[in-house]
Amino acid sequence: MAAQLDPDLLRTFIAIVDAGGFTSAAQRVHRTQSAVSMQVRRLEAILDRALFQREGRGAQLTPDGEALLGYARRLLKLHDEALAVLTRPDLSGLLRLGTPDDYVGRFLPDILVRFARAFPRVQVEVHCEPSVNLRGLLAADRLDLALITCTPGAETGEVLRREPTVWATAERHLAHEDEPLPLALFQPGCPFRDWALTGLSGLNRPYRIAYTSASISGILAAVTAGLAVTVLGRSILPSGVRALRTEEGFPPLPPASITLHRGSSVSAVAECLAGYMREGFAAEGLPPSMSVMSPAVMA
């Protein structure tokens, strides 16, 4: 019998490459690291080729691994598209997703790529707006799903993740020592902005709002240049930016609840994407029973 390429093995192979290692890939494909290693050995045995270099750190592809990668991506794309078209022909159309700008780069790429592979006939429009604006767009029935940042204890959607919130400054600059403290903040209505100003006022620490932006790139440009400090979710901090400690004179901040809200009519397509969002954000320290569902979901 001719050798067969198992899509499950190819999916794990791609996950290792994309995640940069076996450990991270194991989390993506929901297997143990030993199971992932075993799948790679099976794939290498089928092809009679070594796909990863066994020396050094990380997951470095061999020339044969590089050659397989392009084929594996195309094979899986066709595989997933065929399944979606033949088993879920009704799942098509347009899906409108709203999100604050700061979640786009950190969480959405992997979620949307995986969703597109499974549902190639669904078009996703992503609208980047502050949380306060997203609530209005939902109420006006201009969004199907929205990610909204909430204060813990005041959540009104399905909680996807509890994100530690930190003060952030450039690693090689001392803007956090300036008086008054220069701040780079999102626009009014952003919980991060409110928490920053409330915390500093509680310490009677003088500050000035040096930069205001609706874009995370604008905020980080000011911070990395050493012109200001800001408040962000810990997982969003890029290289070159560090979290400030309470010992450095900064007040503690509440964690941010990242919540998923549905529009007035919840379609099957929207619920499918909601499932991918739930998995991609991987709620931390939150039992599923604690998720607060919106009225549209409970109805």
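Quickly run through region 18-64 and pick out the residues that are among the charged types (D, E, K, R) and touching an Asp or Glu at 6+ places or on another chain (Cβ under 6 Å). Residue satisfying the conditions is 49 alone.
Residues in region 16-65 that are polar (S, T, N, Q) and within 17 Å of residue 5 (Cα to Cα) were compared, and the one that is surrounded by the most Cβ atoms within 10 Å (Cβ to Cβ) is 39. When region 195-227 is filtered for residues that are surrounded by 17 or more Cβ atoms within 10 Å (Cβ to Cβ) and either within 21 Å of the chain's Cα centre (by Cα) or β-branched (Val, Ile, Thr) (or both), the ones remaining, listed by number, are 213, 216, 219, 220, 223, 224. The single residue among 174, 185 that is surrounded by 15 or more Cβ atoms within 10 Å (Cβ to Cβ), assigned by TED's automatic domain parsing to the domain that holds residue 228 and of a type in the set (A, V, I, L, M, F, W, C) turns out to be 185. Residues considered: 82, 67, 45, 50. Of these, the only one that is in a loop (DSSP other than H, G, I, E, B) and farther than 30 Å from residue 236 by Cβ is 50.
Conditions (1) within 24 Å of residue 282 (Cβ to Cβ); (2) modelled with pLDDT of 90 or more; (3) under 22 Å from the mean Cα position of the chain (by Cα), marked per residue:
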residue: 29; (1), (2), (3): yes, no, yes
residue: 52; (1), (2), (3): no, yes, no
residue: 71; (1), (2), (3): no, yes, no
residue: 78; (1), (2), (3): no, no, no
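Using the structure shown, decide if residue 130 is outside the structural domain of residue 239 (by TED's automatic domain parsing) and within 29 Å of residue 237 (Cβ to Cβ). It is true that residue 130 is outside the structural domain of residue 239 (by TED's automatic domain parsing) and within 29 Å of residue 237 (Cβ to Cβ). Sub-7 Å Cβ pairs linking a first residue in region 189-206 that is touching a residue at least 40 places away in the same chain (Cβ under 8 Å) to a second residue that is part of a helix (DSSP H, G or I) and among the β-branched types (Val, Ile, Thr), at least 6 apart or interchain, are 189/132, ordered by first then second residue.
The values are calculated or read from the model by the stated rules, or taken from the named source; none is laboratory data. Computed from a predicted structure; not experimentally measured. We place every Cβ from the backbone using ideal geometry, glycine too, and count neighbours over all the protein chains shown.
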